[in-house]
Amino acid sequence: MDIKKAVKTQENIFNMLKKAKANNRLSHAYLFYGEEGTGKKEMAYALATLLYCPNGGCLECDVCKTILTGNHMNIDYIGIKEDKKLISKEQVVELQEEFAKTSLVEGTRVYIVDGIDTASSAAQNSLLKFIEEPINKTPTVGIFIAKELSNVVSTIQSRCIIEHFNAIDHKSRAKILIDSGYDELSSILATGLTNNPDEAVDIINNSNFETFKAAFLDLINIQKPKESIYYYLNHISIFSNQENLKVLLTWYMLFLEDANICIGNDTNLILYPLCDKIITYRKKMENRLRDLLEMTLSLFKKLDGNVTAKNVFHELITKIV
Ligand SMILES: [Zn+2]
């Protein structure tokens, strides 16, 4: 995710950090936790700009650019390696060795441990000394990043300022994609499937995306029982797969929820590019919307239970008209 955009979606946290900096009250240890894709890593680098930027973290100047591109000499980062699932003891040892060397550039040193909750308790505890005493008498700021707070040892938690990163709401997630040049409807649909904007980009770029999108648009256009039979026959090969069917059900659910709250030209709609269709659907289905919502919810449950996707898809199609 773009760092400036990420900071914008978590503006309250950045403002709070800025304020702490202005009052000379930045801590020497932070723990950022929250779901994937909520901008924790980006915020770690944004926090680092507060330590070096002559303009108090403008995110624009040369110093900030060096930091945001990961090229600042005094900032060390360790994260989970691509082929691994966790931060290893070796990575922690390497980081400590790196810090034992004198830095080439003067000033505060920063280390970021992205995925501290995946490291073993022993590896986590070996970082404690790091937090406790500045290395080579150089002021040091540690930033720990975790998905699960409960997997971070309490000794680290108690020494850090802890910040929770809320999941970004659907419209803001979609906006990140729209601002990157993706069309509105695709952005909203893709971010309806994941809380992580980066993952949503992968979804849009997946070769099946346009097929799913077309199938969804066809689904909400079904008017008569005969059309639903054609629809079933045309799409059964895709939607006899559980994961594929979940995509269709998720989007149909969003559509029904919108239809349920829609009063006229409503700007609160999630699927606002389909506003006209939503209004028409509401008029046509008014008395049945709640039933359809309940039915769709129950289909999700059936899919997670033992009912095959093929049967669930059949039920959807027969009940939709
Ligand atoms: Zn700057």
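All conditions but one from (1) exposed (fewer than 14 other Cβ atoms within 10 Å of the Cβ); (2) part of a loop (DSSP other than H, G, I, E, B) apply to residue 195; the one that does not is (1).
Residues in region 14-41 that are farther than 19 Å from residue 148 by Cβ and part of a helix (DSSP H, G or I): 14, 15, 16, 17, 18, 19, 20, 21, 22. Taking region 31-59 as the range and being surrounded by fewer than 23 Cβ atoms within 10 Å (Cβ to Cβ) and over 29 Å from residue 202 (Cβ atoms) as the test, the residues that pass are 50, 51, 52, 53, 54, 55, 56, 58.
Sub-8 Å Cβ pairs linking a first residue in region 83-106 that is surrounded by 14 or more Cβ atoms within 10 Å (Cβ to Cβ) to a second residue that is of a type in the set (Phe, Trp, Tyr) and in a helix (DSSP H, G or I), at least 6 apart or interchain, are 96/130; 99/130, ordered by first then second residue.
Per-residue answers, yes or no, for (1) of a type in the set (S, T, N, Q); (2) in contact with a Ser or Thr (Cβ under 7 Å, 6 or more places away or on another chain); (3) free of Cβ contacts under 8 Å to residues at least 12 places away in the same chain; (4) assigned to a helix (DSSP H, G or I):
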position	(1), (2), (3), (4)
162	no, no, no, no
182	no, no, no, no
186	yes, no, no, yes
210	no, no, yes, yes
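Taking region 42-158 as the region of interest, the helices (runs of 4 or more DSSP H) fully inside it that hold 2 or more residues being within 16 Å of the ligand (Cβ to nearest atom) are 62-68.
Residues in region 15-37 that are farther than 26 Å from residue 133 by Cα and touching a helix residue (DSSP H, G or I) at 6+ places or on another chain (Cβ under 8 Å) were compared, and the one that is farthest from the ligand (Cβ to nearest atom) is 36. Within region 107-128, the residues that satisfy the criterion of being under 30 Å from residue 54 (Cβ atoms) and touching a residue at least 60 places away in the same chain (Cβ under 8 Å) are 110, 112, 114.
Checking each residue in region 223-234 for being crowded, with 17+ Cβ neighbours inside 10 Å and of a type in the set (A, V, I, L, M) picks out no residue at all. Among the conditions (1) part of a helix (DSSP H, G or I); (2) loosely packed, with under 14 Cβ neighbours inside 10 Å, the only one that residue 216 does not satisfy is (2). Of everything listed in (1) touching a residue at least 24 places away in the same chain (Cβ under 8 Å); (2) within 16 Å of the ligand (Cβ to nearest atom); (3) more than 18 Å from residue 114 (Cβ to Cβ), the single unmet condition for residue 5 is (2).
Could you list, in sequence order, all residues of region 283-308 that are surrounded by 19 or more Cβ atoms within 10 Å (Cβ to Cβ) and out of contact with any Asp or Glu (no Cβ under 8 Å at 6 or more places or on another chain)? Steps first, answer last, please.
Quick first cut of region 283-308, residues surrounded by 19 or more Cβ atoms within 10 Å (Cβ to Cβ) only: 292, 296, 299, 303.
Result: 292, 296, 303.
Read the figures in this text as sums done on the coordinates, not as results from a lab. What you see is a predicted model, and the numbers here were worked out from it, not measured in a lab. For neighbour counting, all protein chains shown are included, and Cβ atoms are generated from backbone atoms with ideal geometry for every residue, glycine included.
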